[in-house]
Every structure is written in C-alpha cells, then in structure tokens.
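The values are calculated or read from the model by the stated rules, or taken from the named source; none is laboratory data. This one's a predicted model, so the numbers in the text were calculated from it and none came from an experiment. Backbone-built Cβ (ideal geometry, glycine too); neighbour counts: all protein chains shown. Only protein heavy atoms, including side chains, enter the accessible area calculation; ligands, DNA and RNA are left aside. Shrake-Rupley method; radii C 1.70, N 1.55, O 1.52, S 1.80 Å.
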Amino acid sequence: MDTTVLITFIVYLIGMLVIGLFMYYRTNNLSDYVLGGRSLRPGVAALSAGASDMSGWLLLGLPGAVYASGFGGAYGGWMAIGLAVGAYLNWHFVAKRLRIYTEVSNNSITIPDFLENRFKDKSHVLRVISALVILLFFTFYTSSGMVAGATLFEASFGFSYQTALWIGALVVVSYTFLGGFLAVVWTDFFQGTLMLLALIVVPIVALNEIGGWDAAVQTIGSINPDHLDMLAGVGTFAGTIAIISGAAWGLGYFGQPHIIVRFMALRSPKDVPKAKFIGTTWMILGLYGAMFTGFIGLAFISTQDVSILSNVGIEVVNEGGVQLLDNPEVIFIAFSQLLFHPVIAGILLAAILSAIMSTIDSQLLVSSSAVAEDFYKAIFRKQASEKELVWVGRFATIIIALIAALIATNPEASVLELVGYAWAGFGAAFGPTIILSLFWKGITRNGALAGIIAGAVTVVVWGNFLEGGIFDLYEIVPGFVLNLIVSVVVSMAGRPTPEMEAEFDETVAKLDE
Amino acid sequence: MISSLISQNPIWAESSKQEGVSIMEEFAVSGATWFWLLVPMPLLIILSVVSLFTNRGR
C-alpha cells in the first residue's frame, strides 16, 4: 500500500465527515433531515441527483462493460444512451411537476407520503406498500454498494474484505446520521465534481499514453472488429434483445426515489431548466468519460508488460492470445495506479469511493425517511414531534445500514445483478405510477396501488423465475408496461375524488406561474 | 502504428501470425457507431440549453 495514496484518501474521508458535522447544526426538523427544507440551488440539486444516481457503476461498471465488449455490447453504448435519454426526460417532464405537486399535495416530503396525499388514501395502504417496496429494494441496493466499496478498499489498500466493509459503512453512516439530507447533497456535490474531473482526465491521459485514437482503434479492431460496431448484434434475436435491454435502463429513472426526491428538494420550480442543463451535461460528460476509459483501457492493457501490471497488483489473463484484465471492472483503478502520481491516484480512488458512497448515503436516507415518516409517524405515533422524528430517522439509518452491511459480509453477493434488479424494481413499481400521477387526472388510488403491485411482482417473477428466449429481456420492460396497463385499466373502472381533481388542476395552474 | 502495438505484446504477435491475420489490416469505428455515440447525447445537451434560454425569455 502506498502511504501517499492512503493519506490522500483519509484526508478526503475526513472532509466528508466534517461536512456531516457542519450540517448537523443546520438540521432542525424532519423536512430538513429528509428534504433539506426545499432549499437546494439548481447546481447542487443536479449534481446531487447525478452522483446519487450513478453509484460505482459509472466508474467501475460502465468502463468494465465497454472494456469487455467495446462499443459492440449491450451494456456499453446502448445502456449509456438509454440512461442519458431517461435522465433528460425525467428532468424535462417529471422534475417541475413533481416539485409543485408535492408542495400542493399537503407538502409531501417522501414518495410514499406524496402517493398517499395525491390519492387521498386515508387507509395508509398505498403509503405502507410503497414504503415496503422502498425498504426491500434499498436494503439490497445499499448492500450491493457496500460490497463494491469493500472490494475497492480491499483491492487498493490490501485491507481484509471484512475490515474494508466496516470502515466504509462507518464513514457513510456517520455523515448520513449526523447531517441528513443537507450533508448528503453537499457531499454529493463535491463527489459529483470529483467524479466528473476524474472521468475527463483519465481517458485523456491514457489516450496520450497509448499513442492516440488511431492506435487504440487498430488494437481493438485486431482483438475483435465487432467491438467497433454498436450495431454488431442487430439482426439476431439475442443481439436485439440485448440492445433493447441495454437501452431500457433509461425507463428506470422515473421511479427511483433517491433521484426524484432531489426534484422535490429544489429551492423553486423555476430552477428546473438550469438544473436540467447542469444535470444533463454532467451526466453525458461522465458517460463519455466512462465509455472511453473502458475502450482505451482494452487497448492499453493488452499492450502492457505483465510485470508492470503485477507490480501494482493488477491481475491479467490471456484469452485467445490477448492479454486482458481478470476483472474488467478494475480498469479505472488500473489506470489510476499505472498512470498517475500517488497523490492523484489517491484522489482518483477517492472518486470511486465517492461514487459508491454518494449512492449509499442517499438510499439510506430515503429508507430511513420511509421508516420515520411512513411507518412511525403515519401508523404508530401521529403526534410525534419533529425532533423525535429526526432521531427515529437517524436510528433507522443505523439499523438499515447494519442489515445491509450484514448482507454484504458475504463477498459472493452479486453486486451488479442486485443493482440491475433493484433499478428494475423501482423503475417498474413507481415509474409509471409517478408519470400517471403527474399527467393523468383520471388515475385513481386503486389504479395506482394495482399498478405498483403489478410492476413490482412482474420484476420479481421475471427476474427470478423465468429464463431464456424473450425472458432474457431486462425485467424493467415487462414490469413497466404491465404497471402502465394495469394502472389505466383499474383506474378506468373507478373515478378520482373531486378533491384529487381540484389538486391536479391547482398543480397544472401553477405550472404556468 | 498497429505493427508497433502488436510487436510490444509477443503473445499477441505470435497469435496474429498463427491465425494469419494481416497486421496491416486497417480498422475503423463504424459510421453507425459514430452516429449513435455523437448525435443523441450531445443533442440532449443542446435541447437543455434551448429550454434554459426559452424559460429565461419567459
């Protein structure tokens, strides 16, 4: 372990804790804790949404996917395009309406809270079902992030897996526990900036090192010409399914609670266009950086001396005469160790941890708000004081993090599959429901409830019990479509209440103000 | 360029010879790939800039 790298890394972690401590003194009630009192400026909201969205996937997963199959694989270019389009549409269509509607609808501060208020559901069934979906998927989602973080600590610093896991969990829980939403968004803001800089610098330095773009293209073409063609799989059933599955990740955006809650926290609905511009630009530059890191990495690693790679702990294998990384997802780590000064390498590794931590903290916060607001306050103690609810949220953060960390103690847990599964779960359960809630006056409580259940169940069944042929399609597609159909059909069998219709009209009227 | 890259990796160079792959063969990123990589995503940035100014105008 290089001491300089470690020191840089520790300074960064201490900086995050200081932010948490600072924000502790600015958190006075539950709205502050879970929504920052709706005070976010557009830049902070945009980068926070991006950073909490992208997780370790942007620095590990996407470069790894492009490294493995160039631009020709489903989970390279097509997934990036799908995500970029999905994120843009989410900002364009959902952000402003949701910001206004959540305020009109009894100042809702969580997604279950909004659904209950939107549909005037006095039975609390909608709130409880949606909070359960959140708790279930986020516990596993958070756990997968902890596995990724521990793997990074383990690979970079030589800690044991278990030690690495608990150190990472302790830091994230500490600043989420202390500062709540304000700490999370401000750390997200710094982490998002760091991630973007890292993703711009790394591929440029690597490209220079390998001798330019043409050299990279020729090397990769020699390995497999299909790696240079995004349409390589078109025409075959499996290839088409793969491309649709990759692009379909974009459907998930409309239902991710930890992302859309940033829209609700914006200072003003008028900030949306600015936030959309910042968020879209940040994301697309990041996606390009991640894709080119993987692409150039494939050419770079194949031409390096094995002894140089093994000196910094990078394991390679030889497949068909081509030298490849044993784990494609460490390509960003490999570049940071091979091409940069230890101080910069420490910062780049901190950027990876940033990506992972900024997602875990947001998910912990949404989960803890589900416990405090949607279970504790809504069902058990309606008269709970604001201070009491903040502390319930804080302890919920610890308990959920503990459960997630315990699940993560099994290093065999599949990170990427869990991420994809949870993404599909939220996208299919909440995505169509949120869209219809915002745009269709005719949706009823029963329609929304049936749609959420249909979407979630479809993802669980399709993802776990069906395999082969059409069932290789990413489960978010059938889940999303089925939720839409069920929501519309069930809603058409009933009628929304006049109060619901009045609130819908009030929201629409405020859109033009 | 490709010759120098391949010659840096003896295993690969050997493999290329065995498989009869010409080291002079030229490769290029396909036109469709360039289109999908460079059109949709930058277009989204342009759209967001347009809506930024449209809203300012209001």
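Peptides A:428-436, A:362-370, A:232-240, A:267-275 ranked from most to least packed by the mean count of surrounding Cβ atoms within 10 Å: A:362-370, A:428-436, A:267-275, A:232-240.
Can you work out D for segment A:444-502 in µm² s⁻¹ from Stokes-Einstein, where Rh is the Kirkwood radius over C-alpha pairs, the temperature is 37 °C and the viscosity is 0.692 mPa s? Using the Kirkwood radius from Cα pairs, D works out to 267 µm²/s. Legend: Rg and Dmax of segment A:224-271, from Cα coordinates, 17.8, 50 Å.
Counting only protein heavy atoms and using a 1.4 Å probe, the accessible area of A:Thr193 comes to about 60 Å².
Leaving out ligands, DNA and RNA, what percent of the accessible area of segment A:3-408 is carbon and sulfur, probe 1.4 Å? Carbon plus sulfur share of accessible area: 67 percent. Normalised by the number of residues in chain A, the mean separation of alpha-carbon contacts (under 8 Å, six or more apart) gives a relative contact order of 30 percent.
Charge dipole of segment A:277-381 (Cα centre as origin; +1 on each Lys and Arg Cβ, -1 on each Asp and Glu Cβ, all else neutral): 380 debye, rounded to the nearest 20.
Cross-linked pairs A:Lys382/A:Lys441; A:Lys96/A:Lys377; A:Lys96/A:Lys270: Cα-Cα separations exceed 18 Å for A:Lys382/A:Lys441; A:Lys96/A:Lys377. Here segment A:39-136 yields Rg over Rh of 1.09, to two decimals, using C-alpha coordinates and the Kirkwood radius.
Using Cβ point charges alone (K and R +1, D and E -1), the dipole size of the protein assembly as shown about the Cα centre works out to roughly 2420 debye. Under 5 Å between amide hydrogens, built in the peptide plane, is the criterion, and for A:Lys441 it picks out nothing among residues at least 5 positions away or on other chains. Peptide B:29-35 has a mean of 6 when you count, residue by residue, the C-beta atoms of other protein chains within 10 Å of its C-beta. Calculated mean residue ellipticity at 222 nm for chain A: -24000 deg cm²/dmol, from DSSP H runs with n ≥ 4 weighted as -39500 (n - 2.57), summed, divided by the residue count and rounded to 500. Around A:Thr397, under 14 Å between beta carbons, what's the net of Lys plus Arg minus Asp minus Glu among the other residues? Within the 14 Å Cβ shell, the charges total -1. Here chain A has an Rg and Dmax of 22.6, 73 Å, counting Cα atoms alone.
Label reach from A:Val11 (point 7 Å along Cα→C-beta): in segment A:192-206, amide nitrogens under 16 Å belong to A:194.
Here's the picture: charge each Lys and Arg Cβ at +1 and each Asp and Glu Cβ at -1 in the protein assembly as shown, and of A:Ser362, A:Ala290, A:Gln323 the one pushed furthest to the positive end of that dipole is A:Ser362.
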